[in-house]
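> One structure follows; several queries about it will come next.
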Amino acid sequence: MSARTCRYCIGYRRSVNYPLPGPPPNPADAIDGALERLDGLENVPLAEHVARFDAVHATLTDALSSIDKV
């Protein structure tokens, strides 16, 4: 997605995402990237584990839900 400024927003500039032309992103790449974020988790403080798991879960959810749209 590419961020652009919405010209119809009066009084302030708001960033709007528009899809870029071309083939859809490969969900397998997003899944691999999400799983790589779990590598070395034993070296991360325990307080940061929940945030890491939430980010991975969100990435996996988006990637897996996009498979049907391909």
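> Using the Cα centre as the reference, give the magnitude of the dipole from point charges on the C-beta atoms of the stretch 27-68 (Lys, Arg: +1; Asp, Glu: -1; all else neutral), rounded to the nearest 20 debye.
Charge dipole, the stretch 27-68, about its Cα centre: 120 debye, nearest 20.
> Now a separate question. Less than 14 Å Cβ to Cβ from Ala58, Lys/Arg counted +1 and Asp/Glu -1: what total charge do the surrounding residues give? Please report the intermediate quantities before stating the final value.
Numbers: positive: Arg37, Arg52; negative: Asp54, Asp62.
Surrounding charge for Ala58 is 0.
> For the stretch 27-68, build the charge dipole from Cβ charges (+1 Lys, Arg; -1 Asp, Glu) around the Cα centre, then report which of Pro45, Ala63, Ala28 sits farthest towards its positive end.
So the residue we want is Pro45.
> Can you give the direction-averaged projected area of the convex hull of the alpha-carbon atoms in the stretch 27-68, in nm²?
Convex hull of Cα atoms, orientation-averaged projection: 2.6 nm².
> Based on the Cβ-Cβ distance of Glu42 and Ser66, what FRET efficiency does E = 1/(1 + (r/R0)^6) give at R0 = 35 Å, to the nearest 0.05?
FRET efficiency, Glu42 to Ser66: 0.70.
Bear in mind that the values in this text are calculations on the coordinates, not laboratory data. This structure is a prediction, so every number in the text was calculated from the model and none was measured. A quick note on method: Cβ atoms are made from the backbone with ideal geometry, for glycine too, and the neighbour counts reach across all protein chains shown.
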